[in-house]
Each structure stands twice: as C-alpha cells, then as structure tokens.
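The values are calculated or read from the model by the stated rules, or taken from the named source; none is laboratory data. It should be emphasised that the depicted structure is a prediction, and the values quoted were computed from it without experimental measurement. Cβ atoms come from the backbone with ideal geometry, glycine included; neighbour counts cover every protein chain shown. Side chains included, ligands, DNA and RNA excluded: accessible areas come from the protein's heavy atoms. Shrake-Rupley method; radii C 1.70, N 1.55, O 1.52, S 1.80 Å.
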Amino acid sequence: PQFADKCDWKKLDGEDWQVLLGNQPKFADKCDWKKLDGDDWRRLLSYQPQFADKCDWKKLDGEDWRRLLSYQPQFADKCNKWDELNSYEWSSLLIKQPQLADKCDSWDEFDSEDWSLLLSKQPQFADKCNWSKLYSFQQKTLITKHPQLIKYFTVSDIAEIPETYNCVNRNKSAGASVNTGLVRGWCRLEKISDLIKELEHIAEIYRIQL
C-alpha cells in the first residue's frame, strides 16, 4: 500500500479492483465501480460485504448468486434471478444454506448426482426427491449414512438394490455409530425374511412405516 501514490488507477480493470479491495478495502474511494462484472462482485462481496451498496446486482448471473449466497446469505433479498440457477447450483447452494429452499422451484430438474450430493448433507429434503432417479449405489450409500431414509423405500425396493448387504460394512461414510450399529448386520443377511426383520427393527427405532 505504500506505493499507492505511484499507481495509475485508471489502468486497473474489474478483476484488479476486486483483488485489491479484497485485501486493501481502504482504497475504495479510488475505484471505478462500473468496471466490476458479476464474477468480480461475487468475489469481492464474499470477503468484503460492506461494499454491497456499490453493487450493480443486475450483473450477477445464476452461478454468481450461488457462490455469493453460499457465503453471504444475507443478500438473498437482492436476488431476482432464482430461476437462472440450474439444478447443480441449487443443490450446491442448499447444502450450505438450506434455509433458502423456499426459493427453489427446480426440484423436478434435479438429477441423480444433485440428489445424492444434497441428501448426503441435508437429508431433510428427502420428501422432495424422486428416488427413481438415483442409481442403486447412490441409494444404498444414502441409506447407509442416513438409515431414517429407509421410510422412502418398500421392502422389495431394498431387496432389489444390488449388493446392499455387502456395501454397508465397506462404506466408510457410515460414520455415526448408530448408523453402523443398525446396518452392520445387513452384511450377514442371506434370506429376504431376515432382511424384513432387520428393516422392521430399524423402523421401530425410528418410528417409521415401511
């Protein structure tokens, strides 16, 4: 900053300004704000939200909003481009800011990867999921991590997921001890009748209907 008096400020473009102000906000009075594009603004406001009153919000597109709101959700009231967020952007945003779910009208556009990523972190959105979109390995990974999601499957659905029993013990994402304890026995199940008994046991614990 000691070389500020040597700088030709007019030569700085939008990217230069967002980097400079991100580190040295005291030079804001030198900035030509019109030079910043949407990507510049989302980067700058992610670290220096005090410059929001200078922002031309119309410059931000769906991806800019997804990235900005992931870190600064207080700007949600400034967004008028919710419909520009694609399913991946929504899934990524809701993982970090689930309280913004009421802004989403794109649930039907979510693909298997979107749902797998979102439900692994935010299983409360399971009631919005079209489970038929998920591949079997995604289904069994989610059930392993969040056993309460079994209520969205019938017994026949579970039985038809290939290698359900064997995958559970190998899956390192089982994490929580309650999950591991509930599903470890699946690896030893050989009969559908045993599977039904195990599912009924889980249903009783979680007070859910199969």
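On the principal axes of its Cα set, how long, how wide and how thick is the stretch 1-153? Give whole Å, largest value first.
67, 28, 22
At what distance in nm do the modelled label points of residue 57 and residue 30 sit from each other, each positioned 7 Å from its Cα along Cα→Cβ?
It works out to 3.0 nm between the two label points.
With a 1.4 Å probe and all protein chains left in place, how much accessible area per residue does the stretch 67-164 have, in Å²?
Each residue of the stretch 67-164 exposes 50 Å² on average to a 1.4 Å probe.
For the stretch 44-115, which whole-number percentage of the solvent-accessible area (1.4 Å probe, protein heavy atoms only) is attributable to carbon and sulfur atoms?
The C+S portion of the solvent-accessible surface of the stretch 44-115 is 43 percent.
For the stretch 1-59, run through the chymotrypsin sites (Phe, Trp or Tyr not before Pro) and keep only the ones in DSSP coil with at most 15 other Cβ atoms within 10 Å of their Cβ.
Here the sparse-neighbourhood loop sites are 3.
Determine the relative contact order of the stretch 83-132: mean sequence separation of Cα pairs under 8 Å and six or more apart, normalised by residue count, in whole percent.
41 percent
Taking 0.36 nm per residue of separation and subtracting the Cα-Cα distance, what length does fully extending residue 111 through residue 96 add?
Full extension of this stretch gives 3.5 nm more.
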